[in-house]
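Nothing in this text is a laboratory measurement; each read-out follows from the coordinates by a stated rule. All of these numbers come straight from a predicted model, not from anything done at the bench. Counting neighbours? That spans all protein chains shown, and the Cβs are built from the backbone with ideal geometry, glycine included.
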Amino acid sequence: MLDVLRESDRAIWATALYAGLRRGELRALRWEDVDLGGGLIRVERGWDDREGPIGLKSKAGRRRVPIARESFATSCSRTSSKPDEMMASSSARTARRPSTQES
C-alpha cells in the first residue's frame, strides 16, 4: 500500500498506520524520536498550524509508542541523516485539514 507513495512521504504514512499517532504529533515528529532498534517512537511535541512545533498539552501526552519494527522498517527508508530533521515532508506538514463546510 505504501509503495504507491513518494519515497519522501512513506515514513510519515508508515508511522501513521503502524503507530496511531495524532495528526499534530505526526507533523512534529523528528527522526531522532524514532528508535527502530528499540521499537519505540518518543512523542515529545505537537504541531500547531500557525506556531509550528509546540509543547504537549499534558504530561500524559509525552509517551513512548511501540512500533512493529519489521513492518515499519521495510515500509520506509530514512531520507535524512540529520536526527533533528522532521520526518514529515514540508508538503505533509503544510497540508490543510479537509473542509467540513459545504460550498
In region 38-69, the trypsin sites (Lys or Arg not before Pro) that fall in loop regions by DSSP, at most 15 other Cβ within 10 Å
Arg50, Lys57, Arg62
Taking amide H positions as placed 1.01 Å from N in the peptide plane, with prolines and chain starts having none, which residues 5 or more places from Arg30, or on another chain, fall under 5 Å of its amide H?
Met87
From the phi of every residue in region 44-61, what ³J(HN,Hα) in whole Hz does the Karplus formula 6.51 cos²θ - 1.76 cosθ + 1.60 yield, where θ is phi - 60° and glycine or proline is x?
10, 7, x, 9, 10, 4, 8, 8, x, x, 9, x, 6, 6, 8, 5, 5, x
Restricting region 1-71 to GluC sites (Glu not before Pro) in coil, as DSSP defines it, with at most 16 other Cβ within 10 Å:
Glu51
